[in-house]
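Encoded as structure tokens, the structure appears first; notes follow it.
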Amino acid sequence: MRVGLFVTCLVDLMRPSIGFAALRLLEAGGAEVCVPASQTCCGQPAYNSGDRADTIALARKVVEEFEGCDYLVAPSGSCSGMIRTHYAELFADDPAWSARVAALAAKTHELTDFLVNVLKLDRVPGRYQGTVTYHDACAGLREMGVKAQPRALLAKVAGLQLTEMADAEVCCGFGGTFAVKFGEISSRIADNKCQHIVTSGAGAVVLGDLGCMLNIEGRLRRRGDATRVLHVAEVLAGELP
Amino acid sequence: MQVASMHFRERAHDKLHDAQLQANLRMFKDKFVPLRRDSLAELDDFEATREAARAIRQRALDDLDVWLEIFDENARARGATVLYAQTPAEVNALVLEIARRHDVRKIIKSKSMVSEESGLDHAIEAAGLTVVETDLGEYILQINDYEPPSHIVGPALHKSRDEVAEIFHVRHGTAKKTGIDELVGEGREVLRDHYLRADMGISGGNFLVAETGSVVLVTNEGNATLATTLPQVHVAISGIEKIVPTLEDVATLMRLLPRSATGQSISNYVDILTGIKGPGEFHGAEHMYFIVVDSGRSAVLGSEVSAALRCIRCGACMNHCPVYQNIGGHAYGWVYPGPIGSILTPMYVGLENALDLPQASTMCNQCGVVCPVKIPLPDLQRKLREQEFERHLRPWYERMALKGWGWLARHPALYAFASGVGVRMLRALSGRNGMIRRLPFAGGWTDERDMPAPAGRTFRELYKARAAR
């Protein structure tokens, strides 16, 4: 089974350790992982900013890079959601590309979903001493149906306790360029999220999307709070930063 | 209503720093989100009901002209007069013409958001007539110098009990009350007199039923029942999109509307008003008029955001929106706030007058999953963002940044080089704790937040180095 790892641009730029953690987990599940060297971005920033032409160009590039793999897996609900639920609409008038996009969409997974439902991973390498809470990032939850999968996997991490926070499914306020365009509103929504995290009493918040991580960690630190912010792949692989 | 949507950012700033409003908004969210969830759990199959509701609304829109004709025919057959308004100004003109025809001096109104679009109350008063809002929320706002509504279901939900008590005390000249029951009692007493003296009642219309020519009104206070049956003349004002084919369809939609709006299995009152008072009948107006309003709706119908017209005005999208929950409805600057407003406002008042609204969303899609008629709100917001981009309505620097990023991302070798330089530069900006306190060109991020610094080397660099070993 050849699994194409879509690293995502944010992981590539900001926190490469998540990419290596994903790699380790996929290999632990017995997958042969390929990492196309030319990959960059799924096009979502352009898509959500209304720049359709650039989105289409980047979508074609992703299809060309990954259609040879048996699966495309990303450590992000947002980027995998872009490919699986939004690419099709971009090529509605283009039958040849439509078919290729649909084929890729059908084999695109968010990382934890892939580990649970395809690789059926029964053990994870990670160990963690302490209590964590899980934030359900929007696209993972509402586009990719990621809810039970990360929790099932976290339950396999030796020493880890999961405690649920209030409003775990409510947006953290990131929203891509929204966080910069409407920084004040975005920060307030992030602050509500931080309050729930702190109230949960967990020593770390775990989640599956780097955009939300940057937002939540940035707001926690500005509040003077040291709660750790970890990607689910880092915790599962035992590769904490 | 005057459009202030171009000032969204400034207005949102004020609302974020209004402590009373923030407390009221929190209370509102904590109450209505669970109420809706629990009441929908009563349904055997929410998703199937929701799909049926979507299909009903879409069927009406697909052949809207036909259903309107059927409605027109059936309403006339029952003695009502059906009038059409192309613009908000025409709505006001028609109401005043009807008032003149029947020698009307005093008008009572139950809630109508369409009439907010045209500023009907102001037009009535300018013509020298009296108008009294009878929905308690609308009444509170009216006597508070016509403060605009902040929500389509609970127009005054931005007000606390104490604020309402103060308004009643000052405007009615009565002793200040504290209990909600007392306040409601005072409102009822004041309004009762108006009902009895009014010559004409104006209502909105939750649904217009094609097969019977009826208007359906969904309320909790009973004010619509009184306002539409006590005066001689009833005028129902509703948008062209509010048509549904059959009463059976209304029954399906009513399983979702009160639950989605207020978490009630059924609202306290549901009026189905059909035709004028017949011989020997006790209830009903002697003269019934429909004003069926376009005001930009037919343009939406032919557009790529036409799904927005399925809206049944439950307000669930705004109740669940993280942006609305934190800034309230006034920041949006027109009649319809929240996610549905971010589509309808630009479409009705012009995209160039509401540039921020389609952008003011995290695209979290909480609105999309609670919408009882499955309007894909974030997808529609994105469609408007595309229009803004295509029409060059976005700032030049945003366009340049996007185009630059898009170009770079298509050239992997250059991208690898530039991103390698970029992450090192950003790394150099960070303090000892690995946080960047101030981002150049992205102050919006760092005004109230740090930016975690990049690790310093990109994944592709590290992966390549690892493969070489």
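We did not get these values from a lab; they are worked out from the coordinates using the rules stated. None of the values given here were measured: they were computed from a predicted structure. Because the Cβ atoms are built from the backbone with ideal geometry, glycine has one as well, and the counts that use them run over all protein chains shown.
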Which one, A:Leu240, B:Val235, A:Gly4, is farthest towards the positive end of the dipole of the protein assembly as shown when Lys and Arg carry +1 and Asp and Glu -1 on their Cβ? A:Leu240
Reachable aspartates and glutamates from A:Lys156, criterion Cα separation under 13 angstrom, eight or more residues apart if same chain: A:Asp122
In debye to the nearest 20, the charge dipole size for the range A:2-117, taken about the Cα centre with +1 at each Lys and Arg Cβ and -1 at each Asp and Glu Cβ, equals 160 debye
Quick check: the distance between the Cα centres of the range A:1-37 and the range B:296-344, to the nearest angstrom? 40 Å
Once you keep just the Cα pairs under 8 angstrom separated by 6 or more residues, what percentage relative contact order results for chain A? 21 percent
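Taking the Cα centre of the protein assembly as shown as origin, work out the dipole magnitude from +1 charges on Lys and Arg Cβ and -1 charges on Asp and Glu Cβ, in debye rounded to 20.
Numbers: 79 positive and 85 negative charges, 600 e Å.
It comes to approximately 2880 debye.
I want the antiparallel fraction of DSSP beta bridges within chain B, as a percent rounded to 5. Please report the intermediate quantities before stating the final value.
Values: 10 of 35 bridges.
Restricted to chain B, the bridges split so that about 30 percent are antiparallel.
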Compute the relative contact order of chain B as a whole-number percentage, counting only Cα pairs closer than 8 Å that sit 6 or more residues apart in sequence. 20 percent
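Starting with the highest mean, order B:406-417, B:230-241 by the number of other Cβ atoms within 10 Å, averaged over the residues of each peptide.
Details: B:406-417: 16.3, B:230-241: 23.7.
Put in order of decreasing packing, that is B:230-241, B:406-417.
Going highest first, how would you order A:109-121, A:30-42 by mean Cβ packing within 10 Å? All intermediate terms of the calculation are to be shown ahead of the outcome.
Details: A:109-121: 21.8, A:30-42: 18.4.
Order by mean packing, descending: A:109-121, A:30-42.
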Mean-position separation - Cα centroids, the range B:23-80 and the range B:175-240, in angstrom: 20 Å
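Which value at 222 nm does chain A reach when only helices count, each DSSP H run of 4 or more adding -39,500 (n - 2.57), with the total divided by all residues and rounded to the nearest 500 deg cm²/dmol?
Numbers: 14 runs with 122 residues, N = 241.
Here the helix-only value at 222 nm equals -14000 deg cm²/dmol.
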Among the Cys residues of chain B, which have no other cysteine Cβ under 4.7 angstrom away? B:Cys311, B:Cys314, B:Cys321, B:Cys371
Please arrange B:Ile98, B:Ile202 by counting, for each residue, the other beta carbons lying within 10 Å of its beta carbon, fewest first. B:Ile98, B:Ile202
Is there a simple number for the mean count of other chain Cβ atoms within 10 Å of the Cβ of residues in B:315-322, and what is it? 2
If I fit a long axis through the Cα atoms of helix A:52-66 and take the longest principal axis of the Cα atoms of chain A, what angle between them do I get, 0 to 90°, rounded to 10? 90 degrees
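Please give the direction-averaged projected area of the C-alpha convex hull for chain B, in square nanometres with one decimal.
On the way: hull surface 110.1 nm².
Computed as one quarter of the Cα hull surface, the answer is 27.5 nm².
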Least to most buried among A:Cys69, B:Cys314 (fewest other Cβ within 10 Å first): A:Cys69, B:Cys314
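Please give the peptides B:81-87, B:215-221, A:218-224 ranked by average Cβ packing (other Cβ atoms within 10 Å per residue), highest first, as a rough proxy for protection.
Numbers: B:81-87: 16.1, B:215-221: 23.4, A:218-224: 20.3.
The peptides rank, most packed first, as B:215-221, A:218-224, B:81-87.
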Enter the mean number of other protein chain beta carbons within 10 Å of the beta carbon of each residue in A:33-44, as an integer. 4
Quick check: the distance between the Cα centres of the range B:421-469 and the range A:121-184, to the nearest angstrom? 23 Å
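When Cβ neighbours within 10 Å are restricted to other protein chains, what is their mean count per residue of peptide A:202-214?
On the way: counts 0, 0, 0, 0, 0, 0, 0, 0, 1, 0, 0, 1, 6.
For peptide A:202-214, the averaged partner shielding equals 1.
Compute the relative contact order of the range B:396-468 as a whole-number percentage, counting only Cα pairs closer than 8 Å that sit 6 or more residues apart in sequence. Numbers along the way, then the final one.
Values: 54 pairs, mean separation 19.6, N = 73.
That works out to 27 percent.
In nm², what is the average projected area of the convex hull enclosing the Cα atoms of the range A:127-237?
Details: hull surface 25.2 nm².
Value for the range A:127-237: 6.3 nm².
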Size of charge dipole - the range A:61-105 - debye, nearest 20, with Cβ of Lys, Arg +1 and Asp, Glu -1, no other charges: 140 debye
Sum of -39500 (n - 2.57) over DSSP H runs of 4+, divided by residues of chain B (222 nm, nearest 500): -15500 deg cm²/dmol
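Scan the range B:435-467 for trypsin sites (Lys or Arg not before Pro) in coil per DSSP, keeping those whose Cβ has at most 16 other Cβ atoms within 10 Å, and list them by number.
Details: sites: B:Arg437, B:Arg438, B:Arg449, B:Arg457, B:Arg460, B:Lys464, B:Arg466; in loops: B:Arg437, B:Arg438, B:Arg449, B:Arg457.
Within the range B:435-467, the qualifying trypsin sites (Lys or Arg not before Pro) (loop, at most 16 other Cβ atoms within 10 Å) are B:Arg437, B:Arg438, B:Arg457.
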